[in-house]
Amino acid sequence: MNTRTNTNTSARRTGRSQASGNRTQSGNPAQWRQSFERYCALAQSESDDRVARENYYQHAEHYLRLMHEAEAVA
């Protein structure tokens, strides 16, 4: 029987590591905006491939969320 206590059970349940912390504190908001705009442009250029277009929009949405979280913290 294992008697060790796992102090990381909440992180394991949510699928996040404790080291990830608050992602809005790392990175550069100017780079987030640039990445957001780049992925939106890539999505718009994919007029024939609906799957690729959705993939690019999902990447853009990630950066949009980062920007909104940074605004909420500030």
Can you compute the FRET efficiency between His68 and Leu42 using 1/(1 + (r/R0)^6), with r the Cβ-Cβ distance and R0 = 22 Å? Round to the nearest 0.05.
0.60
Kirkwood Rh in Å, taken over all unlike Cα pairs in the range 28-74
10.8 Å
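Read-outs throughout are calculated quantities, based only on the coordinates presented, and are distinct from any laboratory measurement. Just so you know, these numbers come straight off a predicted model, no measurement behind them. Every residue, glycine as well, gets a Cβ built from its backbone with ideal geometry; the counts of neighbours run over all protein chains shown.
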